[in-house]
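One structure is given here, and the rest of the page talks about it.
The values are calculated or read from the model by the stated rules, or taken from the named source; none is laboratory data. Source: prediction; values computed, not measured. Every residue, glycine among them, receives a Cβ derived from its backbone with ideal geometry; neighbour counts consider all protein chains shown.
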Amino acid sequence: MAAVVPLAAEPEPAPDLNAAFASFIRTLGAYLKAEDIAQVEAAYAFSKAAHEGQLRVSGEPYVSHPLAVATILAEWRLDAPALMAAMLHDVVEDTATTKQDIAEKFGKAVADLVDGVSKLDKIAFQTEAHAQGENFRKMLLAMARDVRVILIKLADRLHNMRTISVIAPEKRRRIARETLDIYAPIANRLGLNSIYQELDDLSFYHFYPNRYQVLEKAIKAARGHRREVVGKILDAIKQRLTEADIDAAVTGREKHLYSVYRKMQDKSLTFSEVYDIYGFRIIVKNVSACYLAMGVLHGLYKPIHGKFKDYIAIPKANGYQSLHTTLFGPFGTPVEIQIRTQEMHKIAEAGVAAHWLYKNSEAEAGDMPQKTLQWLQSLLEIQSESGDAVEFLEHIKVDLFPDEVYVFTPKGKILSLPRGATTVDFAYAVHTDVGNHCVGARINHEMAPLRTELKNGDRVEIVTANYAKPNPAWLNYVMTGKARSHIRHHLKTMRYEESAALGERLLNQALRALQTDPADIADACWEKLLREVSGNSKQEILADIGLGKRMNMVVATQLLAAAESGGERKIVQAGAVIIRGTEGMAVQLAKCCWPIPGDPIIGHITKGKGLQIHTHDCPAIASYRDDPDKWLDVEWDPQIKKLFKVNIRLVVANQRGVLAKIAAGIAAAESNIENVSMAEDDGGAYTTMCFVLQVENRIHLANVMRNLRAIPEVVRITRMKSEAARREGDQNAKNRPLA
Ligand code: MN
C-alpha cells in the first residue's frame, strides 16, 4: 500500500533493538530507582531468552513487541511491576514458561498482572453484534481487577495497531473493528485521551482505508484557510484575556479524524458543518480564573444559547472537568471554547494514567482536586492519605461494576446478571422453560451444581430434563426477580394441582367409608354441590380438601345428599389413603418423627398445609392423638421405591478410625449418609454421633443397624423419633454435610 499511516511510528527500517532498549532505560532513569530498573532489565532479559527464535510477522525479533509495550507504559510513568509484566505479557501464552516460573523469578505481584492480561486475551470477542460491545467492555473491565492490567492491555493493543500494516487485510479489518468497538471506548472511559484518539484513527484507517484518505485530504485542503481564521481568533482571545489581567495559555485544537467522521455519520452533517467549527483551549491558574475567563470571552463574542456546560461543578463520569461554551465567531462560524486549570488538563489528557504521569513531578497524588478524583475513588478505592507509592498501587483495584457479573451463553452471547447470581438465575435469564426444567449446569465445560455462583467470563450451559420441576430450595439462592417470581408461580400451581390430587383421594376414601363407590358420583351431583357451597370448580373443592380447608367427610356427605334422588349405590369397602411418597408438597412426612415405609403411620390434616404423616407413636402428636376427627387412616404404598430420611444416634468408643468403619458399614448396606454430626471431643472414652441416613424402608434400616452393631466400637444405636431428635436434626443441618 502506498499510503503510510501518518500516526504510526515509522515501521521501516526495523529499529535496532539495542538502541530501543537503551532509550527505554533512559526513560526509566527519569523516574524509577536503580534497583527497580535492574528488575525491569532482568524481566527484559528473561523475555528475550523465552521468545528466542520467535519472529513477529514483520520479521523483527518477537521481544521487540513487549519492549515497545513497556516503552509506551514508561511514557505513562507506570511502576516497575507493570513494566515487568509488560515485558512478560506474552511469555506464558507463547512459550514454555508458566505463571509459577514468573512468580518464582519475579514475585507474585508481577505474575498476577501477567495472568490478568492472559485472561483478557482468552475471552475472545465472539460476536459480530455491536450491541454486545458495551457488555463486552464491562466484562473486560470487571475481569481486569487491577487497573494496570487494562493499561498493559491497551498499550499492547496500541503497539499492535501501530504495526498492523504487515498483517493480512481480512484479519486487519477484524482487529480494527474490535479496537473501535472495545478498546478505544475503554481508553476513552478511562480518560486516556491521546491513546483513545490514536486507537480510533488507526482503526478507522485500517477499517475504511478509502474514507480515511478522502477525509484526510479534505482536512488538509481546509487547513490553509483555517489557519488564517484560527490565527485571528487566537489573537483576539489572547488580547482580551491580557486586558482582563488573566494569565492563560491559549491553543487552537483540531478534532481527531475519526471523531469528525463519526459526527458526520451520527448527525448526518456535511464535512464543512463538522469541520468548520473552531476549537480553542484555554488553560488558566485556578478555578475562579476559569469563570472569569468565561465572562471575558462572552464579552468578546456572543455566546450561542444553550451551549454552555459546566463540567467543573459536575464532572463527567470519567473525571473530566472543564467549562464548555460556544460563541458566534467573527465570520459567523461557531467557536468552541474549553476552559480549565492545568490539573484538569492533565486528567483530561491522561485520565487514569495521570496518577503515574504526574506523581513525581510538582503535584502529589493527594493534591489533585477531590472532585476530579471522585470517579476514581469509587472505581479504584484509593487510599488517598497513603503517601507510600507501593501501598497506593496495591489499593488500586478495579471493581468498576461491583453489582454485576457478565457471563457467556454457549452461543457466545453475553448476559449481565446481578453479582451473586447462580446458574438457576442464568437458566431463567435464558428462557423460562430452561429455568423450570434445569437440573444442573456445565460451567466452562465442567459439571457444576445449580447453586454455583457465577463469575465474570464464565461460559455457562444449562442441563435440563423433562421431568425436572422448580424446587422451593432454589428460592434460597436465586438473585434475580425473574427467577424468583417464576419459581414462586410454578410452586403455587404445582401445589394446587398436588393438593387437588390428594383431595380426590381423601374424598374417595370418605365416600368409601360411606359405602359409596366414588365412580357413582355423577357430574350433576357436583354441579349441585358447587351451587350450594358457591364453589368455582370441582378442582377447587378437591384442592381445598387436600389443603385441609374442607373436611373430606363433609364434602362426601354433601355429595351423597345431592345424589339422594338418583339411583342405587354400590356397597364398597372403606380403605386407607395410600401414601406413595411422591405426592409433592400436599403430603409431608412429619419432621418430628421421620416416618419411613414399614412404620405404622397416621395422617393429620393441617389447615392450609395439607396432610402430615406421623408415626403412630410420634410423641409430638400424643396430646391430640385421641381426637378421631383430626385423623385419617393412611397406609404406605407396598410398591413404594424411594429413599427416605431417617435419624439415628450412635454411642461409640472413642477410637481412631471409628468414623471410617461406620461409614463403611452404612455403605455396605447400600444406604447413603446425608449428614453427620459429632459431639465435641471432650477426651472421654465414648462419643455420640448423629447420622441422617437415606433408606428405603424399615427392613433396609434394620440391615444398616445390623451392620453397625457388628462394629466392636459401637456401643449403642438408637433411631430418633422425638422432639429431641428433631432439634438435633436441625442442629445437624448446621454442621458439616458430607456431600
Ligand atoms: Mn502482545
Seminar exercise, completed: Within segment 152-191, the residues that are away from the ligand (no atom under 14 Å from the Cβ) and among the small types (G, A, S) are S165, A168, A176, A184, A187, G191
Exercise. Which of the residues spanning segment 192-201 are more than 16 Å from the ligand (Cβ to nearest atom), in a helix (DSSP H, G or I) and in contact (Cβ under 8 Å) with a residue 24 or more places away in the chain?
Worked result: N193, S194, Q197, E198, D200, D201
Problem set entry | Test result for L151, under 23 Å from the mean Cα position of the chain (by Cα), of a type outside the set (S, T, Y) and either modelled with pLDDT of 85 or more or in the same structural domain as E349 (by TED's automatic domain parsing) (or both) | yes
Problem set entry | Matching residues, segment 426-462, being under 16 Å from the mean Cα position of the chain (by Cα), assigned to a loop (DSSP other than H, G, I, E, B) and without any contact (Cβ under 8 Å) to a residue 40 or more places away in the chain | N444, L450, R451, T452
Problem set entry | Residue identified as assigned by TED's automatic domain parsing to the domain that holds A176, over 19 Å from the mean Cα position of the chain (by Cα) and either modelled with pLDDT of 85 or more or not charged (D, E, K, R) (or both) among Q126, Q100 | Q100
Exercise. How many residues does segment 286-322 hold that are surrounded by 13 or more Cβ atoms within 10 Å (Cβ to Cβ) and assigned to a loop (DSSP other than H, G, I, E, B)?
Worked result: 13
Problem set entry | Qualifying residue in segment 572-592 (condition: modelled with pLDDT of 75 or more, charged (D, E, K, R) and either within 23 Å of D517 (Cβ to Cβ) or crowded, with 20+ Cβ neighbours inside 10 Å (or both)) | yes
Exercise. Looking at segment 99-110, which of the residues that are surrounded by fewer than 19 Cβ atoms within 10 Å (Cβ to Cβ) and without any contact (Cβ under 8 Å) to a residue 40 or more places away in the chain is nearest to the ligand (Cβ to nearest atom)?
Worked result: K99
Exercise. Using beta carbons and a limit of 8 Å, which pairs, at least six apart or on different chains, have the first residue in segment 157-178 and under 11 Å from F207 (Cβ atoms) and the second one basic (K, R) and within 12 Å of the ligand (Cβ to nearest atom)?
Worked result: none
Problem set entry | Count of segment 242-256 residues which are over 23 Å from E343 (Cβ atoms) and touching a helix residue (DSSP H, G or I) at 6+ places or on another chain (Cβ under 7 Å) | 1
Exercise. Hey, among A82, A68, A96, which residue is assigned to a helix (DSSP H, G or I) and either more than 14 Å from V40 (Cα to Cα) or more than 11 Å from the ligand (Cβ to nearest atom) (or both)?
Worked result: A82
Problem set entry | Scan of segment 665-718 for residues that are charged (D, E, K, R), surrounded by fewer than 18 Cβ atoms within 10 Å (Cβ to Cβ) and either assigned by TED's automatic domain parsing to the domain that holds I601 or in a strand (DSSP E or B) (or both), ordered by number | R716
Problem set entry | Qualifying residue in segment 244-256 (condition: in a helix (DSSP H, G or I) and either touching a Pro at 6+ places or on another chain (Cβ under 9 Å) or surrounded by fewer than 16 Cβ atoms within 10 Å (Cβ to Cβ) (or both)) | no
